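The values are calculated or read from the model by the stated rules, or taken from the named source; none is laboratory data. In this text, all values refer to a predicted model and were calculated from it rather than measured experimentally. Neighbour counts run over all protein chains shown; Cβ positions are idealised from the backbone, glycine included.
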Amino acid sequence: MIDLTSEMAALWSALGPAPARGGRMVLIVSALSGEGASTVSREYARLAAVRARRPVWLIDADLDQPGQQEAVAAAPDRFGTLSRPAFASPDGSCFFDVHPPAKSRDGRIVPPARLLTARSCLGGRLWVSRFAAEAIRVGQRVEASPDPAYWNALRPHAEIVVVDCPAAERSDTALVLAPLADAVVLVVAAESTGADEASALRQEIEAVGGRIAGVVLNRTAWKPPGFLSRLTG
């Protein structure tokens, strides 16, 4: 396993303290699949949970391939034991829509929020969400919603809400949620991703009103000349 503790500590310092009231929402995304955005999200959430005064939430926004709860459960030495599932919405709102709506066996419409659960670890300091992708049937689609209601409801219960978004190449979730976040962090595997791809994602996020707050170079110590300046300049 790659230890990202020092990188996450630097990111924690760069983002600064959370606001006194309401939690900060930090969205983490990469341009391409396999760059390690989920690992960075998970490790940052873990470090934040250890340092924060209030609980930290890790929202798995990959609605097609959720996997954060499984990854946390596979590392009990780092995260401890997961609690029993609980509903992940404080007020019944949700950050995604299901079309057509999901239905129960008796034909009743299932509110989207009922498909989102969370389990705690690290003594209740970290909550990790999971979308029930297995409940979606052929012909249904799930899409992130631009409605801020869910995030507004969750913020008072967290110091930091870390949102793990699927790669931009296969989903527009990051572009939908970026305007709602306080900060967006790009994850780049510099040995396999060109600066043009990452720069294009930055421009797309900024075009919709997102604020790029940092870049994490994952799985490499090599920094090509001019690479970081093209991303952060």
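Sub-7 Å Cβ pairs linking a first residue in the stretch 127-144 that is within 13 Å of V110 (Cβ to Cβ) to a second residue that is in a strand (DSSP E or B) and of a type in the set (F, W, Y), at least 6 apart or interchain, are V142/F96, ordered by first then second residue.
Quick grid of which residues meet (1) under 28 Å from A198 (Cβ atoms); (2) among the β-branched types (V, I, T); (3) surrounded by fewer than 15 Cβ atoms within 10 Å (Cβ to Cβ):
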residue: T5; (1), (2), (3): yes, yes, yes
residue: I28; (1), (2), (3): yes, yes, no
residue: G36; (1), (2), (3): yes, no, no
residue: V40; (1), (2), (3): yes, yes, no
residue: P55; (1), (2), (3): no, no, no
residue: L58; (1), (2), (3): yes, no, no
residue: L63; (1), (2), (3): yes, no, no
residue: P76; (1), (2), (3): no, no, yes
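Selection of first residues in the stretch 78-95 that are more than 23 Å from L47 (Cα to Cα) and of second residues that are surrounded by 20 or more Cβ atoms within 10 Å (Cβ to Cβ) and small (G, A, S), restricted to Cβ pairs under 8 Å at least 6 apart or on distinct chains, gives the following pairs, ordered by first then second residue: F87/A118; F95/A61; F95/A144. Considered as a group, the residues in the stretch 180-233 that are surrounded by fewer than 17 Cβ atoms within 10 Å (Cβ to Cβ) and of a type in the set (V, I, T) include one that is modelled with the highest pLDDT, and that residue is V208.
Every test in (1) in a loop (DSSP other than H, G, I, E, B); (2) buried (at least 20 other Cβ atoms within 10 Å of the Cβ) is passed by R46 save one, and that test is (1).
Among L32, L11, L15, which is at pLDDT below 95 and touching an Asp or Glu at 6+ places or on another chain (Cβ under 6 Å)? After ruling out the rest, the residue left standing is L32. Please tell me if A113 is touching a Ser or Thr at 6+ places or on another chain (Cβ under 6 Å), surrounded by 14 or more Cβ atoms within 10 Å (Cβ to Cβ) and not in a strand (DSSP E or B). The answer is yes for A113.
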